[in-house]
Amino acid sequence: MSSAPRLRKRIIPRQRNGSVKIGTLYRRNAVTGNWDRINDQFSPFNAPYVSAKLTLDYLHQKTRGKYMDGDPFKTMDVQYHGPDSPVGNGSYISATPDFSGQLQKYVGGFHHPGTGIYGNDSEVNNLNLVLTPYSSLFPNAGTYATQAWNISKPRLERADVLVAALEGRDTPRMLKTTASIFSKGYKSLLKDTFTSGGVLNERSFRRVSGLKKMPRTVSEHFLNHFFGWAPFVNDLSKMINTYDNSLRLIRQFMDQNGKYTHVRRSVVDSQTIQKINSGSGNACSPSLGSNFWVSNPVWEVEEAVHTVVTSSGQFRFYRPEFAKEFLEDDSIMHQMRVGLILYGAEISPSHLYHATPWTWLVDWFTPLGNYVDQLNDTVIDGVAARYFYVMHHKERVLTFRQYLPMQGSSLTLEFVRKIDTKERLPVTSPYGFDSPWSNLSAKRLAILAALGITRR
């Protein structure tokens, strides 16, 4: 039995309030040649805190020495700026004289930029909004529930023979489309598409290649590859692999039939890096004068996001065909029934649905296909989960880089804002599918665009 949720917070405040000295500015004395102090340089220290951490978990009692219950778990660690102390400490002489005709020198370091450089500071500034389980910084792990379930659940079918057979009606058209591009390519080699002077003959090129029809042609061949040859080759590969491993798979299914088996899967492991902001000038403290720079300083902000989603659970399935009492059954009927399951040749709601034209497009915008598959898994294969969790870990690192072209060398300063979130979510249902246009991948958008062209 779980207790009330336990919410823990830890905040590391700033050691100083207000401005802090980070260096001193000097001017060369024209008479003595010494460096005379002009003033001290300060940083405003405008960040509200150094770091903050939140953890939400539940306390459980042990049953026979084991924890048998699990609840949602969330933790977040925000590093506002790093490092908190000045960087690039040294002695720097200006590239050109100041208004008095004398060189200047700065002795000290540089502090992190002000607010707004990293983008939306409001998401981390207010600790009342940050240190809450409902913070917008937490991603929605539930969006991966369906994908994680489909990857983790037991799959008895190792080849999709029935679906491939029902889709076989498209094979002649697929071959015809592919043959046409080879035919046109061969004919174009036989045509004289260039004039004797080596200049492209536009009229001949239009006649051979059909520039007016090129968008439609390219779209047809793109779809023919994506929905024709790629699935066809994949089906053949599955059939060959299933045949080579059929005896091992049958023994494995008979051993696991009706038993709960722990499963852990990797669902997503992706990393993206992009530049989200940039500008000219010195955004760090102190700003210093333009006489210190050989050329105009520039800065940029790079965002690196690493997302890891895994699943963990206990699954079981039950098919009478794999029961222990049939272990030594060598009858033709039993072998046929096992073969139909293994090769995906049974007539089932899932097979009939996926063989229906255009259902793949329906599945992009609705969970109908998932409902059919779940019904098929539960009713026909007896699939069930004792427990199932989705774990989501997202690390977002915003790196600010300031490039200062100074006399004799260039100085690069780096400051980092890091937001690290982890979440564990119990999945009570494999559903929860949502695909707005903004979530469609580039591949999906390309397919939809190609469909629009070929249907014109």
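Values quoted throughout were computed directly from the atomic coordinates according to the rules given, and no laboratory measurement underlies them. It should be emphasised that the depicted structure is a prediction, and the values quoted were computed from it without experimental measurement. Heads up, the Cβs are rebuilt from the backbone with ideal geometry, glycines too, and the neighbour counts pull from every protein chain shown.
Legend: residue pairs LYS153/LYS324; LYS74/LYS153; LYS324/LYS422; LYS21/LYS53; LYS153/LYS422; LYS74/LYS275, Cα-Cα distance threshold 32 Å; pairs beyond threshold, LYS324/LYS422. Summarising the amide proton neighbourhood of VAL383: residues at separation of 5 or more, or on other chains, whose placed amide H is nearer than 5 Å comprise TYR318, THR378. Between LEU59 and PHE99, the FRET efficiency from the beta-carbon distance, with R0 = 60 Å, is close to 0.35. Charge tally for HIS112 (other residues, Cβ to Cβ under 11 Å; Lys, Arg +1; Asp, Glu -1): -1.
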